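Report on the following structure.
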Amino acid sequence: MNAILKREIRAYFDSLIGYIYITAFFAGSGILFSVSSLQYGSTDMSGMYSGLFYILLVLIPILTMRTLSEEKRQKTDQLLLTAPISLTSLVLGKFVAAMLIYSIGVCMTIVYATVVSFFGAVSWLTVFGNVVGLLLLGAAYIAVGMLISSLTENQVIAAIGGFAAMLVLYLISAIATIIPVDWIARIFTELSFAERYSPFTYGVFDFSNVLFFISATVIFLFLTIRVLERRRWS
Amino acid sequence: MIEVKNLVKTYGDKRAVAGISFKANDGEILGFLGPNGAGKSTTMNILTGYLSSTSGEAYINGHDILEDPIAAKREIGYLPEFPPLYLDMTVKEYLYFVYELRGCRLPRNTHLKEICELVKIDNVYNRRINNLSKGYKQRVGLAQALVGNPNVLILDEPTVGLDPKQIIEIRTLIKKLGKNHTVILSSHILSEVQAVCDRIVVINQGKIVADDTADNLSRELTADHKLIARIDGPKDEVIKLVQTIPGVVSIVADMQRERGVWEYNIEAVEGTDIRRELNRRLMSRNWYILGLRSSELSLEDIFLKLTMGESVNEFLADKADDLEERYKEEE
Ligand SMILES: Nc1ncnc2c1ncn2[C@@H]1O[C@H](COP(=O)(O)OP(=O)(O)OP(=O)(O)O)[C@@H](O)[C@H]1O
Ligand SMILES: [Mg+2]
């Protein structure tokens with residue numbers, strides 16, 4: 001797993017994707033920060049965090065698009081899948097690498113909060129809630145993006161597919177409102193990433209929500225492993 | 001040791017591998033010979049655990065590749081048909097990666113240095129793989145298979161894309177490696193497997209059509225009836241003359257090699273040797289043979305021969321008898 005992890009992190013910065021992600025994150029969060037907090041001299045950072053979510057919806061698919069599709073296209077999957085390592089450590093190595101790069105961005109927001117704290121009281125609980133929420137949501141979304149990437153050899157399709165899947169998972173509660181059958185609507189609401197995520201943005205840690213994102217991550221990583229496994233039998 | 005029992009692989013309703021069984025012993029170089037689409041790569045991908053077989057078993061040094069894949073994979077170095085290279089890495093970075101990926105324990109720098117010297121890539125060690133020529137990429141692929149000193153080497157068309165000098169070097173290297181490894185290599189060139197392998201398995205359309213030592217198979221497959229002759233003499237007349245030799249099926253002038261010297265492809269009925277008669281007749285006209293060699297059997301010929309087996313031999317023996325009688329009558 002270590003070998004994969006190291007190689008992935010290197011690849012993020014060799015292929016520029018790592019730089020693009022960090023730059024875009026920095027630019028996006030910086031603009032949001034100045035528009036929502038700095039301009040009003042406000043120490044309330046929730047404006048930035050809620051806007052940031054939509055930026056991540058675009059950036060996470062870019063992080064995950066080439067994880068597995070590119071290996072297949074370049075046929076380097078033949079090296080990885082015939083090496084004496086398990087599929088689980090292969091997928092985990094890639095997941096952890098994406099997660100590390102992703103966290104660089106998310107943790108940057110703590111720097112903003114620190115800056116703000118020099119000018120007034122910051123609700124650290126809210127900041128902390130948002131950071132944890134973003135990390136959990138990001139983990140689940142990275143797993144989704146990897147699953148989509150394992151299904152195609154084309155990075156662009158992987159990125160667009162990943163974006164679409166993440167959007168649907170987020171907006172599933174909106175779909176729920178137009179479903180007439182009550183219990184189905186309830187299930188949809190329960191599964192909605194948006195519903196699960198929003199409490200974190202107020203600094204509310206609901207254990208069931210933490211568990212929800214961890215389970216979602218595990219399920220999507222498991223499905224990714226299954227896809228790779230299936231392909232052998234095709 | 002590699003043992004394969006009744007391996008089958010179907011894609012949809014297409015049988016790419018249709019029940020293959022064979023064994024490769026320690027210290028043996030086994031050649032996999034077959035035309036495009038025969039199922040060579042598919043078999044190798046199953047042996048290395050990249051694909052799963054539809055049915056059948058494969059053991060690498062006793063480890064079942066399906067039941068105990070990690071132990072089996074630890075024994076294997078694999079060079080796939082397309083070398084699995086990360087083009088954005090340098091050779092050094094790539095080999096370091098493979099070293100770690102395979103969980104290799106040998107002293108890293110000396111081990112990798114040895115490999116690079118063996119496959120002669122030490123001079124490009126710090127270059128990006130993307131900028132290497134095809135032959136060098138192929139060698140880096142081979143180097144990758146040697147990392148960790150695996151017992152079993154599986155090489156899918158290892159000499160593709162190399163220049164003639166490199167081909168000879170790599171063949172020599174494989175022969176050397178064959179002394180203390182089990183090697184399976186695939187090729188669609190008969191002379192290559194003859195030159196390198198101890199045993200040859202010929203496969204066609206997913207089935208084994210021959211499995212024999214290289215010597216036996218070569219004896220069976222020599223083609224004295226197909227000649228390439230370089231003859232000094234007027235082209236059209238030479239052709240006319242040669243056509244009158246009993247047993248000659250066709251003669252085609254190939255290319256002018258020197259002034260007045262042409263190279264001809266002569267084909268006789270299989271089982272007849274026309275070399276002496278050819279000499280005699282040309283001498284009588286004061287034309288000279290400057291070079292004479294039997295041409296290699298094409299893969300099609302081999303499969304015709306191997307798949308038709310006895311019946312084709314009988315057929316040809318009859319034909320040869322007829323011809324001999326005609327000779328005698330003429331004289
Ligand atoms: N993924 C696949 N899906 C469907 N058919 C396939 C697939 N891979 C290979 N085949 C078919 O299986 C057969 C065997 O292919 P294979 O690549 O093993 O041949 P080969 O002996 O390696 O040929 P070559 O000399 O061209 O490399 C071919 O007819 C090929 O078309
Ligand atoms: Mg092949």
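The values are calculated or read from the model by the stated rules, or taken from the named source; none is laboratory data. Bear in mind that the values here come from a model prediction, so they are computed numbers and not experimental data. All Cβ positions, even for glycine, are placed from backbone atoms using ideal geometry, and neighbour counts span all protein chains on display.
Annotation for region A:45-60: at least one member residue is under 17 Å from the mean Cα position of the chain (by Cα) and within 23 Å of A:LEU87 (Cβ to Cβ). The residue that is farthest from A:MET45 (Cα to Cα), counting only those in region A:9-33 that are surrounded by 14 or more Cβ atoms within 10 Å (Cβ to Cβ), aliphatic (A, V, I, L, M) and within 14 Å of chain B (Cβ to nearest Cβ), is A:ALA11.
Test B:GLY27 against the stated conditions and say whether it is in a loop (DSSP other than H, G, I, E, B), within 12 Å of chain A (Cβ to nearest Cβ) and within 25 Å of B:ASN149 (Cβ to Cβ). Considered against the rule, which asks whether it is in a loop (DSSP other than H, G, I, E, B), within 12 Å of chain A (Cβ to nearest Cβ) and within 25 Å of B:ASN149 (Cβ to Cβ), B:GLY27 comes out as no. The numbered conditions (1) within 14 Å of chain A (Cβ to nearest Cβ); (2) touching a strand residue (DSSP E or B) at 6+ places or on another chain (Cβ under 9 Å); (3) within 11 Å of ligand 1 (Cβ to nearest atom); (4) more than 14 Å from B:VAL201 (Cβ to Cβ) are all true for B:LYS14 except (2).
Among the residues of region B:209-221, some residue qualifies, meaning at least one is assigned to a strand (DSSP E or B) and buried (at least 20 other Cβ atoms within 10 Å of the Cβ).
Among the residues making up region B:21-43, those that are among the β-branched types (Val, Ile, Thr) and within 16 Å of ligand 2 (Cβ to nearest atom) are B:THR42, B:THR43. Of the residues making up region B:183-209, those that are farther than 14 Å from B:ALA38 by Cα and not aliphatic (A, V, I, L, M) number 6. For region A:206-229, the count of residues that are more than 14 Å from the chain's Cα centre (by Cα), touching a residue at least 60 places away in the same chain (Cβ under 8 Å), exposed (fewer than 13 other Cβ atoms within 10 Å of the Cβ) and under 30 Å from B:GLY12 (Cα atoms) is at least one.
Note on region B:62-98: residues that are closer than 11 Å to B:LEU146 by Cβ and within 11 Å of another protein chain (Cβ to nearest Cβ) total 4.
Candidates are the residues of region B:99-114 that are more than 21 Å from B:ILE170 (Cα to Cα) and assigned to a helix (DSSP H, G or I); the one that is farthest from the other protein chains (Cβ to nearest Cβ) is B:THR110. From the list B:GLU28, B:GLU57, B:GLU67, the one residue that fits, being closer than 26 Å to B:ARG171 by Cα and acidic (Asp, Glu), is B:GLU28. When each of B:LEU51, B:LEU95, B:LEU85 is tested for being within 16 Å of ligand 1 (Cβ to nearest atom), surrounded by 15 or more Cβ atoms within 10 Å (Cβ to Cβ) and outside any strand (DSSP E or B), the lone residue that passes is B:LEU51.
The set of residues from region B:98-136 being hydrophobic (A, V, I, L, M, F, W, C) and either surrounded by 15 or more Cβ atoms within 10 Å (Cβ to Cβ) or not assigned by TED's automatic domain parsing to the domain that holds B:ARG171 (or both) comprises B:VAL98, B:LEU101, B:CYS104, B:LEU112, B:ILE115, B:CYS116, B:LEU118, B:VAL119, B:ILE121, B:VAL124, B:ILE129, B:LEU132.
Out of the helices (runs of 4 or more DSSP H) lying entirely within region A:43-85, which hold 3 or more residues that are more than 14 Å from every other protein chain (Cβ to nearest Cβ) and of a type in the set (S, T, N, Q)? Spell out how you get there, then give the answer.
Numbers: elements: A:46-64, A:66-74, A:77-81.
Of the helices (runs of 4 or more DSSP H) lying wholly inside region A:43-85, those with at least 3 residues that are more than 14 Å from every other protein chain (Cβ to nearest Cβ) and of a type in the set (S, T, N, Q) span A:46-64.
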